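Peer 1: Have a look at the structure that comes next, please.
The values are calculated or read from the model by the stated rules, or taken from the named source; none is laboratory data. Values in this document were obtained by computation on a predicted structure and should not be read as measured data. Every residue, glycine among them, receives a Cβ derived from its backbone with ideal geometry; neighbour counts consider all protein chains shown. Keep in mind that these areas ignore ligands, DNA and RNA; they rest on the heavy atoms of the full protein, side chains included. Shrake-Rupley method; radii C 1.70, N 1.55, O 1.52, S 1.80 Å.
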Amino acid sequence: KMGHAVAHSALMDLLHTIEGDGNGVGNNDGDGSNIDIGWKPSAEENGGVDEEEEEDEMKKRTKALFHELHEGTRTRTFSTLSGCTFSMVYQYGDSILAANVGDSQSFIASYNKSSSPSAEHDEKDPNSNSNSNSDRVKIVYSTRKDKADLEHERQRIESMGGSIQLPRKMLFKGAEKMATSRVVVPHKESGNTFSLAMSRSIGDQYAKEVGVTSEPIVDVMTIAKLKLRAMESPRDTRDKEPQLRGNQKKQQANNVESDNGDGDGDDIRLFAVSVSDGLFDHIAVEEIAQHLAKAMYEHESEGGSLFKACEELIMRSSSEWKELGLTYRDDITIAVQRIL
């Protein structure tokens, strides 16, 4: 419940900041202005702005925003043990910004209306339509889970006196499954030792002394770039896509616009999903994307409901948690937004 209060507070601060109603967090430089993560300098005012410079400024402002969201937990009556993950996808014009702290994740998926199931898929299971859209759905971007056993995260935490509990194997449904790594933190106020299942978070003040940070990993990309990824093969290009910046992005956009063949991207749809780890722990990201795409693009004419699809995913994950035989069930949250 304490973590829920921190999450709600941070969300309200974010919404007020984006709306610019004066009630959000900000860099308050005397005029009460908020941190505008949608900063888009005009060429007339600045004599032309390089896209790489603009991307760097967007990342800088987003990191400042997350810092302020974290600092906001200090001014409220939250326990130092309270904290939350925070994941967001923000669209401004033809660009997308994604930022994440913690072990929740956001991803962007594509759905290709013109693609049909492959012959290989039909041969595997010709009578099943449970994943019949798997050749139409692709994960074109995903944030990462901030875990303590990642090399850079481990180095930062250990350099500040923290210690890491490495993941261990556990048996679930007759198969081995890896448990999560944790940051081990002594709590001075209580004299107890606590562990945190992520290396970055909002709140969790007690863990900041040993290297747990509120600084997000921020990515900025264009819709044109995402559409290109959607048209590429193999299916999941998250880990092999090169980082393109500045004029490379312009050329990429021109490539999409100048393609007059079948691959012009007109049939590509994009949607963003933010999901807590309580869902990811039991259902693969690809399966989540396929289930949601089916409700949004294939069953609309049949009265398909996106809300119902989300509910089905939550209930399925919840039942998986129950099968573990634990009294604890992690938060299960999902948010979906069409981009294109």
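Peer 1: So, in nm, how far is label Ile217 from label Leu11 when the simple model puts each one 7 Å beyond its Cα toward the Cβ?
Peer 2: 2.4 nm
Peer 1: Another question, then. What is the calculated FRET efficiency for Ser79 to Lys113, with r their C-beta to C-beta distance and R₀ = 35 Å, to the nearest 0.05?
Peer 2: Efficiency, from the Cβ-Cβ distance: 0.10.
Peer 1: Taking R0 as 30 Å, what FRET efficiency do you get between Leu166 and Glu323 from their Cβ-Cβ distance, rounded to the nearest 0.05?
Peer 2: Once the sixth-power term is evaluated, E becomes 0.75.
Peer 1: Further question on the same structure: Taking a threshold of 22 Å on the Cα-Cα distance, which of the pairs Lys147/Lys225; Lys147/Lys308; Lys63/Lys145; Lys60/Lys138 fall above it?
Peer 2: Lys147/Lys225; Lys147/Lys308; Lys60/Lys138
Peer 1: With every protein chain left in place, what is the accessible area of Tyr297 in Å² (1.4 Å probe, nearest 10)?
Peer 2: 50 Å²
Peer 1: Follow-up. Could you calculate the contour length gain from Glu53 to His4, that is, 0.36 nm times the residue separation minus the distance between their Cα atoms, to one decimal place in nm?
Peer 2: 14.0 nm
Peer 1: Right, another one. Quote to one decimal, in nm, the extra length available between Asp267 and Ser195 on full extension: 0.36 nm per residue of separation minus the C-alpha distance between them.
Peer 2: Difference between extended and current length: 21.3 nm.
Peer 1: Extending each Cα 7 Å along its Cβ direction at Lys60 and Gln91, get the distance between those two points in nm, one decimal.
Peer 2: Label-label distance for Lys60 and Gln91, simple model: 2.8 nm.
Peer 1: For a quick check: with amide H placed at 1.01 Å from N, whose amide H comes under 5 Å from Ile339's, ignoring anything fewer than 5 positions away on the same chain?
Peer 2: Counting only residues 5 or more places away or on other chains, the set is Leu270, Phe271, Ala272.
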